[in-house]
Amino acid sequence: MPMKKSVPTKASVLPIDAMYRVWGWIVLAWALYRYFLRMPEWVDEFIFKPLIFVAPVLWYVRTKEKARWSSIGITGKNLYTSIYIGLGFGFIFALEGLAANALKYGRLTIMPIAAFTQYGMVTLLLLSLATAICEEILSRGFVFTRLIQAKKSLPFASLVSTLMFVLLHVPILVLSLKLQGMALVLFFITDFVLGFANSLLLYNTGSLVAPILVHIFWNMTVALYL
């Protein structure tokens, strides 16, 4: 499938295995951090996740690829369209979260996570924003765009980058939260749907704005309902 013009394409594409290595080191560092340290959530999202997820990507893009930030979707291109699309799809994902909640508990049950009680709505929203930015820069801006540039296949790039996005959550779901059974299955399924949808949004807008907005909606849905 040919690439659309809106896809970021200004990176000097290096062998794809270099991207896999960067991603692998990031996942390893994140797993070790999650396993050995138990820091407050604001420390995770505002300090360590940017250091582990984003800093290596920005370093690699500028020093190794010598590419612009727009090559990972950091651009004002299609800004207003991306905002509208992000808000629309974000609302759809919020509804999906309600459906998953009803499936999990047998009825609609509002059970906010402890962070909601601890930090309040505003801080929780900022935490969701920080999470969305870091994970979208890595999983869509970096992994997805490099895959589609190298393989020239939207289905392949979307599927593989989404699977890598799901694997990125194993440390918190298994090592930290220790989820099991239906709860773990639901998180994996919804993470897959989120990752695949955001890959398509980046493909069509060329910007991380819409994926980040959708991700924020989903994070808040998880925090309040799941």
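The values are calculated or read from the model by the stated rules, or taken from the named source; none is laboratory data. Quantities reported herein were computed from a predicted structural model and do not represent experimental measurements. Reconstructed Cβ throughout: ideal geometry from the backbone, glycine too, with neighbour counts over all protein chains shown.
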Checklist outcome for this item: Listed by range, helices (runs of 4 or more DSSP H) wholly within segment 1-113 having at least 1 residues that are charged (D, E, K, R) and modelled with pLDDT of 90 or more are 16-36
Checklist outcome for this item: Only unsatisfied item for Leu147, checking (1) at pLDDT below 90; (2) in a helix (DSSP H, G or I), is (1)
Checklist entry - Does Leu179 meet the test of being farther than 18 Å from Ala18 by Cα and either at pLDDT below 95 or not in a helix (DSSP H, G or I) (or both)? => result yes
Checklist entry - What residue, of Val170, Val185, Val214, is modelled with pLDDT of 90 or more and either buried (at least 16 other Cβ atoms within 10 Å of the Cβ) or not polar (S, T, N, Q) (or both)? => result Val214
Item to check | segment 48-84, residues that are of a type in the set (Val, Ile, Thr) and over 24 Å from Val209 (Cβ atoms) | outcome: Thr63
